[in-house]
Each structure stands twice: as C-alpha cells, then as structure tokens.
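Just below is one structure, and these are the notes that go with it.
All of the numbers you see were taken from the coordinates with simple rules; none came from a lab. As the structure is a computational prediction, the values presented were derived from the model and not from experiment. Here the Cβ positions follow ideal geometry from the backbone for every residue, glycine too, while neighbour counts run over all protein chains shown.
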Amino acid sequence: MSGDAETQISHGAHYRGYGLSDRVSVYLKLGAASLEIDDPAIKKTNDLDTTNSFGTNFMTGLALKTKLFESTTHRWEWDGSLQFLDLRQRHKDKNELRWHEWQMSTSVAKEFGRVKPYVGVKYAMVNAFYRVRQEGQLLKQGRYKEKTRLGFFLGTDCALGESEDVILNLESAFQDGPEVTVSLAYTF
C-alpha cells in the first residue's frame, strides 16, 4: 500500500459461475472480508500500536474469464480474466474502509491427468478510502493505493472424485507481498 502501510486481508466467499459460451464465463462472488492495515503514519494518543482494524466487511466481486487459446492435443490452455472487487461496510463511530480493486490477468496451464498447474501475471489497481477513529473521534482519513501494480502468480487445480467434478485450487501470488488462496469448486 502507499506509504509504509501494510495490509492483511482474510476473506471467505461463495462463487457462482455461468458459461456464456465454451470460451467465456462470468462469475459472481459474495462473501465477507476482515481487514487490518498497519500504518505508522497514523498516530494514536496513548497507544503505540499502528495497526488499525476495519472489522468484517461485505465483499462482492464480478469476473469475466475467457479462454484465449486451447490445444487439446498437448492439453494446455491460455486464458485471460478481468475482475472487480468491492469491500464495504459502514462502521458508525469505528474505523471505516471502502476498497475497490480491479484485476486483469493472463495465465498458461498444462494438464497432467488430474492435476493442472498454471503460471500467470496480473495487473491490479486498488483504491481504498479510509477513516480511522479513536474513541469515536475522527483521527485521520485518506486514500491508499497499491505500491506495485504488476505481479505474478502460480497454482494448480486438482480434480477430485470419481467424476473429477470437484476441483481443489491452490494458488500463491506475489504483488505488494505474498498472497495465498485455497478454494474448492464443484462443476455441474
């Protein structure tokens, strides 16, 4: 984040996807996210801790994913996606944060039986407006932006079950710090 601020986000969400065609899918994400930002620029009276908690926030997301190229002979594919995330909740007399994030990414994947590892790059833009309060009084408000917009990620999909219709996804990304994602999907 801008300045010396560091963010920690933990979230859980429910995804729903719909295939518009064989190559294009749209996804909706609904969930909750807990945010903490450690910002040494925000000084509190009688408290040396620089970590500010923004509580649990409502999270929504919308994504569009397209398969740019697929080789059925060699079992690899190249895709691209665009995603928007919004985190918000009004916390009266408490810290508030409104988080908007746009992500654009592309990745290449190769299938080996039930395992499909992938690697890719993503470009993300974050705009976060915050208000920090102490004892109900506004201490500071402002905006955060990401330090690094470009990053890379790698992960794997593992098909489980007799019908291979349950997908376990493990992913790690590196952009403004390490990120780890674990998800479970069921394909209809």
What is the number of the single condition among (1) over 25 Å from residue 105 (Cα atoms); (2) not in a loop (DSSP other than H, G, I, E, B) that residue 15 does not meet?
(1)
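If only one of 135, 101, 171, 146 is free of Cβ contacts under 8 Å to residues at least 12 places away in the same chain and of a type in the set (D, E, K, R), which one is it?
Details: 101 fails: free of Cβ contacts under 8 Å to residues at least 12 places away in the same chain; 171 fails: free of Cβ contacts under 8 Å to residues at least 12 places away in the same chain; 146 fails: free of Cβ contacts under 8 Å to residues at least 12 places away in the same chain.
Only one candidate passes the filter, namely 135.
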Being in contact (Cβ under 8 Å) with a residue 40 or more places away in the chain, assigned to a strand (DSSP E or B) and among the aliphatic types (A, V, I, L, M) narrows 35, 30 down to just 35
Evaluate the following for residue 153: is it out of contact with any strand residue (DSSP E or B) (no Cβ under 8 Å at 6 or more places or on another chain), under 29 Å from residue 70 (Cα atoms) and not hydroxyl-bearing (Ser, Thr, Tyr)?
no
Qualifying positions in region 106-116 - in contact (Cβ under 8 Å) with a residue 40 or more places away in the chain and either surrounded by 14 or more Cβ atoms within 10 Å (Cβ to Cβ) or hydrophobic (A, V, I, L, M, F, W, C) (or both):
107, 109, 115, 116
Looking only at region 134-150, count every residue that is outside any loop (DSSP other than H, G, I, E, B) and more than 30 Å from residue 123 (Cβ to Cβ) and tell me the total.
4
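Would it be correct to say that residue 181 is of a type in the set (S, T, N, Q) and outside any strand (DSSP E or B)? Talk me through it step by step, then tell me what you get.
On the way: of a type in the set (S, T, N, Q): yes; outside any strand (DSSP E or B): no.
No: the conditions fail for residue 181.
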Which numbered condition residue 60 fails, given (1) farther than 29 Å from residue 147 by Cα; (2) of a type in the set (Ser, Thr, Tyr); (3) without any contact (Cβ under 8 Å) to a residue 40 or more places away in the chain:
(1)
